[in-house]
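Worksheet for the structure shown next.
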Amino acid sequence: MTTHYYLYEKTQRRTAMLLLLNMAILLAMYVAARKLIEPTEAGAQLIYWLNIAVPVVEFCLFLVAILFWVQNGTFRISVDADRFEIVDPLFKSTSFSVPVREIEKIRQIHQKHIHRNTIIMSMMSGEKIQILQNYNYNRRKLYTALARANPSICLPEGAYRFKQV
C-alpha cells in the first residue's frame, strides 16, 4: 500500500449536493425579490426577466446535479514518494501522473492584462503542465508534500501568491 504525503478527493455526488443547495438559495432569492421589489415599471420588468431566467437556471442546475450524481466520478490529487497525480473525471485532458523526481519547478503566474492566474509545472524534459485551481484543495499542503517527495523542486515562495507578468 502506498503512503500518500498528500491526498485530496472530491466526489461528483458531493458537488451535486452543492448544486441542489444553490438551487434552494436561488429559489429563496427569487421569492424574496418578488416580495421586496416595489411595483414600479422597472421593478415589473425585472420580475418579468426573473420569471424567465430563474426557471432556466434552476433546470440547468438540476440537470447537471443529476449528471454528477449518476456519474459520481472522483476528482483526486495525490502525492507519494514516487508520483504526483491529478485525476479529473470532468476534464480528462487535465489529468496527469508524473514521477516526482522529474518535476523541476512550479510557477504561479498572474497575467495582469487578462486578469488570469495560472499554475505551471515544468518538467526536466521541458514539458509544461498546467495545474488546476478550480477545486478547494490546500495548495500549501500540496507544495509541502511535493517538497518532501523531492526537495530539489523549485516551489513558489507563497502558496497563494502569484507573480505578475
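Readers should treat all values here as calculations from the given coordinates under stated rules, not as data from a laboratory. These figures come from a predicted structure and were not determined experimentally. As a convention, Cβ positions derive from the backbone with ideal geometry for all residues, glycine included, and neighbour counts pool all protein chains shown.
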>> Looking only at the stretch 123-158, filter to residues that are within 15 Å of His4 (Cα to Cα) and among the polar types (S, T, N, Q); which one of those is surrounded by the most Cβ atoms within 10 Å (Cβ to Cβ)?
In response: Asn150
>> With the requirement that a residue be part of a helix (DSSP H, G or I) and either touching a strand residue (DSSP E or B) at 6+ places or on another chain (Cβ under 8 Å) or of a type in the set (Phe, Trp, Tyr) (or both), what does the stretch 73-114 give you?
In response: Thr94, Val100, Glu102, Lys112
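Only one residue in Leu26, Leu61, Leu36, Leu50 is surrounded by 13 or more Cβ atoms within 10 Å (Cβ to Cβ), more than 25 Å from the chain's Cα centre (by Cα) and over 15 Å from Tyr135 (Cβ atoms). Which one?
Working: Leu26 fails: more than 25 Å from the chain's Cα centre (by Cα); Leu61 fails: more than 25 Å from the chain's Cα centre (by Cα); Leu36 fails: surrounded by 13 or more Cβ atoms within 10 Å (Cβ to Cβ).
Leu50 is the lone residue from the list that is surrounded by 13 or more Cβ atoms within 10 Å (Cβ to Cβ), more than 25 Å from the chain's Cα centre (by Cα) and over 15 Å from Tyr135 (Cβ atoms).
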> Considering only the stretch 8-23, how many residues are surrounded by 15 or more Cβ atoms within 10 Å (Cβ to Cβ) and within 30 Å of Asn150 (Cβ to Cβ)?
Replying inline: 3
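Please go through the stretch 131-165 and pick out each residue that is assigned to a helix (DSSP H, G or I) and under 22 Å from Phe75 (Cβ atoms).
Result: Arg139, Arg140, Lys141, Leu142, Tyr143, Thr144, Ala145, Leu146, Ala149.
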> Using beta carbons and a limit of 7 Å, which pairs, at least six apart or on different chains, have the first residue in the stretch 1-23 and under 17 Å from Asp82 (Cα atoms) and the second one in a helix (DSSP H, G or I)?
Replying inline: Tyr5/Ala145; Tyr5/Arg148; Tyr5/Ala149; Tyr6/Lys141; Tyr6/Leu142; Tyr6/Ala145
